[in-house]
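In what follows, a structure is listed as structure tokens, so that the remarks can point back to it.
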Amino acid sequence: MKWIGFILFIIITLIYIWDGKDLFTKKEWRGFGIKFISVLIGAFALVFILVGISKSIPLMTKETARALSVIIPASFITILLSKFLVVMLSAIFDIIIHFHKRYNTAANYSKLSSLFNKYGPKLRVLAKCLASFGCILMFYGIWIGSTV
């Protein structure tokens with residue numbers, strides 16, 4: 001079960017990170033906030049469901065139910081925070097470029113703009129690669145490194 005959860009959450013996270021949306025609009029930020037709050041509410045609901053199942057049906061032990069009530073919400077929060085990392089790095093990069101466009105001289109901005117056009121997409125790919133690798137490490141710790 002640990003390996004299935006580990007691989008499943010890695011696949012979901014990699015699809016979510018590499019979906020192409022690196023910048024959010026205000027509407028997408030609201031949706032992201034709602035996703036985060038729903039994960040927290042779902043974590044509380046999952047605790048009650050798993051404890052109820054472990055008490056009424058001898059399908060799983062209490063220790064397994066407790067472990068799953070921590071592991072599954074932690075995995076969903078890891079998915080959301082990895083996307084948050086990618087979006088925030090992209091937003092910071094764009095804010096820096098817009099700052100230089102507005103407040104820098106035209107000659108200096110043209111130099112920076114050529115650097116941005118040359119290295120900007122590569123930096124976004126690097127941010128996505130770092131977030132993907134970090135998620136793999138976090139999921140390894142969550143799913144494989146747990147004691148239950």
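The values are calculated or read from the model by the stated rules, or taken from the named source; none is laboratory data. Just so we're clear, the structure is a prediction, and the values are computed from it rather than from any experiment. Cβ sites come from the backbone with ideal geometry, for glycine too, and all protein chains shown count toward neighbours. Side chains are part of the model used for accessible areas, which takes the heavy atoms of the whole protein and leaves out ligands, DNA and RNA. Shrake-Rupley method; radii C 1.70, N 1.55, O 1.52, S 1.80 Å.
Among the residues of region 45-63, how many are β-branched (Val, Ile, Thr), part of a helix (DSSP H, G or I) and either in contact (Cβ under 8 Å) with a residue 12 or more places away in the chain or within 18 Å of residue 1 (Cα to Cα) (or both)?
3
Looking at this structure, is residue 33 farther than 23 Å from residue 141 by Cα, open to solvent by less than 50 Å² (accessible area, probe 1.4 Å), out of contact with any Gly (no Cβ under 9 Å at 6 or more places or on another chain) and without any contact (Cβ under 8 Å) to a residue 40 or more places away in the chain?
So residue 33 fits the description; yes.
Any idea which of 101, 122 is more than 27 Å from residue 18 (Cα to Cα), open to solvent by 60 Å² or more (accessible area, probe 1.4 Å) and of a type in the set (Lys, Arg)?
From the options 101, 122, the qualifying one is 101.
Mind listing whichever residues of region 88-98 are over 23 Å from residue 30 (Cα atoms) and either open to solvent by less than 60 Å² (accessible area, probe 1.4 Å) or touching a Ser or Thr at 6+ places or on another chain (Cβ under 9 Å) (or both)?
Once the filter is applied, which keeps residues that are over 23 Å from residue 30 (Cα atoms) and either open to solvent by less than 60 Å² (accessible area, probe 1.4 Å) or touching a Ser or Thr at 6+ places or on another chain (Cβ under 9 Å) (or both), region 88-98 yields only 97.
Residue by residue through region 93-136, note down the ones that are outside any helix (DSSP H, G or I) and not hydroxyl-bearing (Ser, Thr, Tyr).
104, the sole residue that qualifies.
Within the bounds of region 77-87, is there any residue that is among the aromatic types (Phe, Trp, Tyr), at pLDDT 90 or above and buried (at least 17 other Cβ atoms within 10 Å of the Cβ)?
Within region 77-87, not a single residue is among the aromatic types (Phe, Trp, Tyr), at pLDDT 90 or above and buried (at least 17 other Cβ atoms within 10 Å of the Cβ).
Looking at (1) assigned to a helix (DSSP H, G or I); (2) modelled with pLDDT under 90; (3) within 22 Å of residue 72 (Cβ to Cβ), which is the only condition residue 147 fails?
(1)
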